[in-house]
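Asks: Take a look at the following structure, please.
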């Protein structure tokens, strides 16, 4: 008879994930108490929310393959029921059905992967599977299926439709979805990292999948007018970048990304009612050469501080270079509006702000790396032509966005207009998940 202790495995990775899940769930539950005041389905909402949270706790600690599969199925079932919270609203029910089909596909892919690993190792324990000597064919096939399952859970292209069609979900449901369950793909890759780290070609494929999803999501986000749709594509982009970090072998950085993104996205959704009225700092593009150089200097300084905080070399010859380049770009973007303000104290403030943010981010990554050190999850990969090409495309696109001059509508080339329309059309939710007339909404 198998004891309950053999069904679970508690380690530092599960501890980190449980802290995030518990804190976000508590914030959402408190918010929903007032948000759903007077809603006749309030009791059912909290019941399904409890199912989701309990299943997520079980998921991050699961060691037996059946427990892992059951926990994922339970969490996704609870989310689907929350997506269809209003039973009389056809659009919400269609969104729930679309999500359920996606999650079912991902669950079947993961089930197939675990069955292959079980057949190759003879073990039903996840940790025992990771320690087993598995034949290369079975290893490659099972790992590929795990990656596909992670893609469905984290709404990566082309499995993103369930996320972009869930805009009619109640705000607390959107928060638990974007801040919690969508991170499940990253957790799966982190849990099965010992299998993936042995396959450089698969890691490169994961990196490409993540970068493509991040670029597409960013383009879709830039052309949205609906605040929740912008947030949905923002989540897809962040998940793409997080998965790309997994492909770079930087699992601790990916876990730190999950943590910060979960907290930030929960805040954004719970405050989305006021986001549309939030004053935005106007950027005057293109900036002057001096303004950009000062901002770039602040960005480079931020990268140096990040490298020092995380004990990395600024001349990294492996995929760690990606984090440093991202820090330079992010630091420059933070400093640029302040450099354009042309006020006395804004320039020192820009350097202080970018340095502080780089230090905090570096400290969080360093803490996660130190915490996860017993699991040996960090495996930076040697730079290859695909990594370098992605860096070139990313930095070139960023520079083009900053320095490209805006043209009058009649001067825009036809191919750009066609590309814009194609992107806009491809980013729209399915008609069946939208409510075209207020009379179609039943309370």
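Read-outs: derived from the displayed coordinates by stated rules, not from any lab. As the structure is a prediction and not an experimental result, all values here were calculated from the model. Cβ atoms come from the backbone with ideal geometry, glycine included; neighbour counts cover every protein chain shown.
Asks: For the stretch 1-124, what does the relative contact order come out to in percent, with C-alpha contacts under 8 Å and a separation of six or more?
Replies: Result for the stretch 1-124 is 24 percent.
Asks: For residue 101 and residue 422, FRET efficiency with R0 = 30 Å and r from the beta-carbon atoms, rounded to 0.05?
Replies: After rounding to 0.05, the efficiency reads 0.75.
Asks: A further question on this structure: Give me Rg/Rg_expected for the stretch 88-152, where Rg uses Cα atoms only and Rg_expected = 2.2 N^0.38 Å with N residues.
Replies: Cα-based Rg divided by the globular estimate yields 1.45.
Asks: If neighbour count is taken as other Cβ atoms inside 10 Å, put 312, 414 in order from fewest to most.
Replies: So the ranking, lowest neighbour count to highest, is 414, 312.
Asks: If each residue of separation counts as 0.36 nm, what is the full-extension length gain between residue 393 and residue 212 once their alpha-carbon separation is subtracted?
Replies: Separation in residues times 0.36 nm, less the Cα-Cα distance, equals 64.0 nm.
Asks: Based on the Cβ-Cβ distance of residue 344 and residue 412, what FRET efficiency does E = 1/(1 + (r/R0)^6) give at R0 = 51 Å, to the nearest 0.05?
Replies: With a Förster radius of 51 Å, E is 0.85.
Asks: How far apart, in nanometres, would the label points at residue 352 and residue 108 be if each is projected 7 angstrom from Cα along the Cα-to-Cβ direction?
Replies: Taking the two extended label points, one gets 5.9 nm.
Asks: May I pose another question? Over the stretch 289-426, what is the relative contact order in percent, taking alpha-carbon pairs closer than 8 angstrom and at least six residues apart?
Replies: 27 percent
Asks: OK, next. Would you please give the FRET efficiency between residue 432 and residue 293, computed as 1/(1 + (r/R0)^6) with r the Cβ-Cβ distance and R0 = 41 Å, to the nearest 0.05?
Replies: Calculated value: 0.20.
Asks: Mind giving me the nanometre distance, one decimal, between the label points for residue 118 and residue 35, set 7 Å out from Cα along Cα→Cβ?
Replies: 3.7 nm
Asks: Given 25 °C and 0.890 mPa s, how large is the Stokes-Einstein diffusion coefficient of the stretch 302-401 in µm²/s, with Rh as the Kirkwood radius over Cα pairs?
Replies: Value of D from the Cα-based Kirkwood radius: 164 µm²/s.
Asks: Please state, to two decimals, what the Cα-based radius of gyration of the stretch 1-132 comes to when divided by 2.2 N^0.38 Å (N = residues).
Replies: Normalised Cα radius of gyration, the stretch 1-132: 1.22.
Asks: Give me the Kirkwood hydrodynamic radius of the stretch 154-281, using the inverse of the mean 1/r over all pairs of distinct Cα atoms, in Å to one decimal.
Replies: Evaluated over the stretch 154-281, this radius sits at 14.8 Å.
Asks: Separate question: Where in the stretch 78-116 does the amide nitrogen come within less than 11 Å of the point 7 Å from the Cα of residue 44, taken along Cα to Cβ?
Replies: The answer is 81-89.
Asks: Counting other beta carbons within 10 Å of each Cβ, put 233, 46 in order, fewest first.
Replies: If I rank by nearby Cβ atoms, fewest first, I get 46, 233.
Asks: Separate question: Highest mean first, what order results for 77-88, 378-389 on Cβ atoms within 10 Å?
Replies: The densest-packed peptide leads the list: 77-88, 378-389.
Asks: While we're here: Using the Kirkwood radius over C-alpha pairs as Rh, can you work out the diffusion coefficient of the stretch 11-62 via Stokes-Einstein at 37 °C, viscosity 0.692 mPa s, in µm² per second?
Replies: D, rounded to a whole number, is 277 µm²/s.
Asks: Over all directions, how big on average is the projection of the convex hull of the alpha-carbon atoms in the stretch 10-272, in square nanometres?
Replies: 12.6 nm²
Asks: Remind me, relative contact order of the chain in percent, using alpha carbon pairs under 8 angstrom and six or more residues apart?
Replies: 16 percent
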